[in-house]
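Asks: A single structure is presented below for examination.
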Amino acid sequence: MPTNHRVADVINSFALARLNALLRDIKRISICCHARPDGDAIGSSLGLGNLLVALGYEVRCIAPNRAPAHIAWPEGASTLLYSFEDEGGDVKPFLASSELIFCLDFNALSRLDEPMMLFVEALTAPRVMVDHHPYPAAQFDLYFSMPESSSTCELLTELLLANWGQTAISRRVAIPLYMGLMTDTGSFSYSCSRKRTFEIAGILVEQGVNVPDVQAQVYNSRTLDSLMLQSALILQHTTFFAGRPGKELAAIVQLSQAVQEQFRYQPGDAEGLANLPLCVGSVQISVLLTERSNGTVRVSARSSKRYSINKLLTQYFNGGGHPQASGGTLRMPLHEAYEYTRQIFLQFLERKPSNSELLES
Ligand SMILES: [Mn+2]
């Protein structure tokens, strides 16, 4: 895992001065987020995009892949949001002629996935990273990195407050930022929610966010297929293991290509699925294995506060992330990925000294 020591881990006046110098006398700005964008990636992109448009810049938010509908609704999405894979709105010429590139919610260019990564890597415009994942790569010109921040949207709001003040956060800036804050924290339920997260949420509400409306747009806008997919996966394609019968400690959900076809799977349909087994009292670790059409398997792992899994994901799954929410990729068929994952987590759970504490409960 590459590390970098020039990283500014707080929003200090030196970093802000550099940002403002980069923004001076330029016109065209691209905002990029990670592949298979989530609420935090799209929310931070649109929040910053709407603010920069209000300041007079020409802006495009470019995600590697198309954003699912449940997160692509905030104002600004229809005019600013494009995907590299669709190549709509001349994204390549726009990117190539951008004078500044914001990189939001990712810490290494590889998170753009190959076609877009290779394209962006070759550009000479300065890159400003704003992200809450630990260990950023040495691929950016300016860093706003804060791993203790719940989400990129929390950190970005902090940055906007520090540089432009609360009045610059209009309703159309606040709504997407709140969406990302809400989705990355599981509606403020995950361990990443801290005092400052609620303060930031309060500021966004003060700027005009309608809380139940955002909640409904994101979570009550699913298709029947996606609900049926989720139900079928839990009923037929989830294995609970480790611990004692009835008190299993771990779960693996397998989302095969066949099941994806059966339920007309769309990106976003599995939203929240990796977390779902954690709602069982005994379950401390949950893994979603998604079979991709290119033959690889996407690994999405979640854990309770008792276990930190990001190092394990780096070591065994070509990935990484947050202590309680990490991802990776396996280059093997799904059934092998399942066996491999089960073995790794069985060993991990057996090795943990905190197991004794678990047996008592
Ligand atoms: Mn995030």
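Asks: Measure off 7 Å from each Cα along the Cα-to-Cβ vector at Ala137 and Thr239, then give the distance between these two points in nanometres to one decimal.
Replies: With each label point 7 Å from Cα toward Cβ, the separation is 3.2 nm.
Asks: Shifting gears a bit: In a shell of Cβ-Cβ distance under 11 Å around Arg171, excluding Arg171 itself, what net charge do Lys and Arg (+1) and Asp and Glu (-1) give? Walk me through the numbers on the way to the answer.
Replies: Values: positive: Arg172; negative: Glu75, Glu206.
For residues surrounding Arg171, the net value is -1.
Asks: Just want to confirm a number: the relative contact order over region 243-361, from Cα pairs under 8 angstrom separated by 6+ residues, in percent. Kindly include the intermediate steps, with their values, before the conclusion.
Replies: On the way: 191 pairs, mean separation 23.9, N = 119.
RCO, region 243-361: 20 percent.
Asks: Roughly what % antiparallel, to the nearest 5, for the DSSP beta bridges in the chain?
Replies: Values: 21 of 48 bridges.
Antiparallel bridges: around 45 percent, rounded to the nearest 5.
Asks: Another question about this same structure. For the charge dipole of the chain, defined by +1 on Lys and Arg C-beta atoms and -1 on Asp and Glu C-beta atoms about the Cα centroid, which residue among Gln215, Gly246, Val287 has the Cα displaced farthest towards the positive pole?
Replies: Of the options given, the answer is Gly246.
Asks: From the helices alone, meaning DSSP H stretches of at least four residues, give me the mean residue ellipticity at 222 nm for the chain, per-run term -39500 (n - 2.57), in deg cm²/dmol to the nearest 500. Before the final figure, lay out the partial values.
Replies: On the way: 14 runs with 144 residues, N = 361.
Helix contribution divided over all residues of the chain: -12000 deg cm²/dmol.
Asks: Follow-up. Suppose we look only past 26 Å in the calculated P(r) of the chain. What percent of the Cα-Cα pairs does that tail hold?
Replies: Details: 32545 of 64980 pairs.
Cα-Cα pairs of the chain separated by over 26 Å account for 50 percent.
Asks: Could you work out how much longer the chain between Ser304 and Asn318 gets when fully extended? Use 0.36 nm per residue separation minus the Cα distance between them, nm to one decimal. If you can, show how the numbers build up before the last one.
Replies: On the way: separation 14, 0.36 × 14 = 5.04 nm, distance 2.14 nm.
Extending this stretch completely gives an extra 2.9 nm.
Asks: Rg and Dmax of region 234-311 over Cα atoms: what are they, in angstrom?
Replies: Taking only Cα atoms of region 234-311, I get Rg and Dmax of 13.0, 37 Å.
Asks: Hey, what's the Cα Rg ratio for region 80-212 versus the globular rule of thumb, 2.2 N^0.38 Å?
Replies: Normalised Cα radius of gyration, region 80-212: 1.12.
Asks: How far apart, in nanometres, would the label points at Phe198 and Thr329 be if each is projected 7 angstrom from Cα along the Cα-to-Cβ direction?
Replies: For the pair Phe198/Thr329, the computed spacing is 4.0 nm.
Asks: Next up: How large is the dipole of the chain about the Cα centre if only Lys and Arg carry +1 and Asp and Glu carry -1, each at its Cβ, rounded to the nearest 20 debye? Please list the in-between numbers first.
Replies: Working: 30 positive and 35 negative charges, 112 e Å.
Approximately 540 debye in magnitude.
Asks: Positive end of the dipole of the chain, charges at C-beta (+1 Lys, Arg; -1 Asp, Glu), about the Cα centre: which of Asn12, Tyr307, Phe198 has its Cα farthest in that direction?
Replies: Tyr307
Asks: Picking from Val297, Ser226, Leu346, whose Cα lies most toward the positive end of the charge dipole for region 224-360 (charges on Cβ: Lys, Arg +1; Asp, Glu -1)?
Replies: Leu346
Asks: Sticking with this one: Based on DSSP, what percent of beta bridges with both residues in region 166-314 are antiparallel, to the nearest 5?
Replies: Working: 13 of 19 bridges.
Antiparallel bridges make up about 70 percent of those DSSP assigns within region 166-314.
Asks: Let me ask something additional. With a 10 Å cut-off between alpha carbons and a GNM built on the chain, which of Ser193, Ser221, Ser300 moves the most?
Replies: Answer for the Gaussian network model of the chain: Ser221.
Asks: Using 1/(1 + (r/R0)^6) with R0 = 41 angstrom and r between the beta carbons of Gln257 and Asn20, what's the FRET efficiency to the nearest 0.05?
Replies: 0.25
Asks: For Gly243, what residues show an amide H to amide H distance below 5 Å, using hydrogens built from the backbone and excluding near sequence neighbours?
Replies: When sequence neighbours closer than 5 places are left aside, the close amide H contacts are Leu249.
Asks: Here is a follow-up. Extending each Cα 7 Å along its Cβ direction at Glu350 and Arg28, get the distance between those two points in nm, one decimal.
Replies: Going by the 7 Å Cα→Cβ label model, 5.8 nm.
Asks: Given contacts defined as C-alpha pairs under 8 Å and at least six residues apart, what's the relative contact order of the chain, whole-number percent?
Replies: Details: 680 pairs, mean separation 47.1, N = 361.
Reported as a whole number, the value is 13 percent.
Asks: Evaluate the charge dipole of region 13-219 about its Cα centre and quote only its size in Debye, nearest 20, assuming +1 on the Cβ of each Lys and Arg and -1 on the Cβ of each Asp and Glu.
Replies: Numbers: 15 positive and 23 negative charges, 71 e Å.
Using Cβ point charges on Lys, Arg, Asp and Glu, region 13-219 gives about 340 debye.
Asks: Ok, one more. Expressed as a rounded percentage, what relative contact order does region 13-219 have, with Cα pairs under 8 Å and six or more residues apart?
Replies: Details: 394 pairs, mean separation 47.2, N = 207.
Relative contact order here is 23 percent.
Asks: Using the beta-carbon distance between Glu75 and Glu206 and R0 = 22 Å, what value does 1/(1 + (r/R0)^6) give for FRET efficiency, to the nearest 0.05? Let's see the in-between values first.
Replies: Details: r = 18 Å, r/R0 = 0.82.
Once the sixth-power term is evaluated, E becomes 0.75.
Asks: To the nearest 20 Debye, how big is the dipole of region 134-246 about its Cα centre, given +1 on the beta carbon of each Lys and Arg and -1 on that of each Asp and Glu?
Replies: Numbers: 7 positive and 9 negative charges, 54 e Å.
Dipole of region 134-246, to the nearest 20 debye: 260 debye.
Asks: Where in region 101-121 does the amide nitrogen come within less than 15 Å of the point 7 Å from the Cα of Glu85, taken along Cα to Cβ?
Replies: From region 101-121, the list is 111-117.
Throughout, read-outs are computed from the coordinates displayed, never taken from laboratory work. Predicted, not measured: the structure shown is a model, and the values here were computed from it. Here Cβ is always computed from backbone atoms with ideal geometry, including for glycine, and neighbour counts include all displayed protein chains.
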